[in-house]
Amino acid sequence: MDGIGIKNLQAALRTLVEANVDTGVADATSTVNFLDDISKSWPPSPGGFENLIVEITEGTGKGNFAKIASNTATRITFAAAMPVAPDATSQYRIGFFGKMTGDITDRAARLLGIVYGNVDQLQQTAAKNLKASIEERLILKTIRDIAPGAPDTFWLPETEHIDLSKYLASSWGIYAPTTATMVINCYLNISHDGGTAWRRAAGYEILDADFVRDVWNTIDCPLKLAEAKLEVVITVAHPAELDLMCIAKP
């Protein structure tokens, strides 16, 4: 495979993997260890931006970047500290930024057992690796933000259900602030008849004694489901807000 072919393949892959997942402007509360942006509502870890790259593109810290260890809805935590803390002038982007392709050189090709003459094999290997990496990020997100007016039973989604037949696992998130006397119980419900009858899935629930206020609580389900939805039962007193989310991965 000649140098032009390698460069063309590199350029094509780089165009795909350097697309931004998200962009924004950091808050002044950011430090060398994390970046805050309260305008965001990101899917939290696990299933968020782990192992992607955040790069400062303008303002304080321009050119600095870090691997993402984890994130909440509004905060990105770095795997290693940045040299300079981002501030309110720091514009950033989140993405793959070449992580999946690396340098396709003669040495790299030989380490992969690919010879120059086998162009098809090189392209197929690169395409396969790219497809697998992109599929890791093809996630289904369903979010519902609620302002409860009274104790009640709340569902995600509010009506119907979520079709998870194309996904191998799902993570269900529940957030509620500290509320005096509130009792909250969360249950994953599944159906095997198209959504006519629903049953709570044993072992996939968070009961009030285990529910932690003021943080995201998650129910992780490593099952491929046809129909599913989240049931949240609040009694005695209701919180000012209730946030529900489902993230499903292929």
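Tabulated data for the structure shown
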quantity	calculated
Fewest-first ranking of Thr181, Thr235, Thr77, Thr153, using other Cβ atoms within 10 Å as the exposure measure	Thr181, Thr153, Thr235, Thr77
Extension gain from Ala237 to Asn51, taking 0.36 nm per residue of separation minus the Cα-Cα distance	63.0 nm
Cβ-defined net charge surrounding Val236, 13 Å radius [Lys, Arg +1; Asp, Glu -1]	-2
Gyration tensor verdict on region 140-249 (Cα atoms; rounded if a/c is under 1.5, prolate if a/b is larger than b/c, oblate otherwise)	prolate
Label-to-label distance, nm, for residues given as Ala69 and Val21 (7 Å Cα→Cβ offset)	1.7 nm
Where GluC sites (Glu not before Pro) fall in DSSP loop in region 146-229, at most 11 other Cβ within 10 Å	Glu158, Glu160
Asp220/Ala180 FRET efficiency (R0 35 Å; Cβ-Cβ; nearest 0.05)	0.75
Per DSSP, loop trypsin sites (Lys or Arg not before Pro) in region 146-250 with at most 13 further Cβ within 10 Å	Lys166, Arg213, Lys224
Where labels lie 7 Å past Cα in the beta-carbon direction, separation of Ala197 and Lys249 in nm	3.3 nm
Summed residue charge, Cβ within 12 Å of Lys40's Cβ, Lys/Arg positive, Asp/Glu negative	-3
Proximal charge balance of Arg75 [Cβ under 11 Å; K/R count +1, D/E count -1]	-2
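Throughout, read-outs are computed from the coordinates displayed, never taken from laboratory work. This one's a predicted model, so the numbers in the text were calculated from it and none came from an experiment. Glycine gets a Cβ as well: all are built from the backbone with ideal geometry, and neighbour counts include every protein chain shown.
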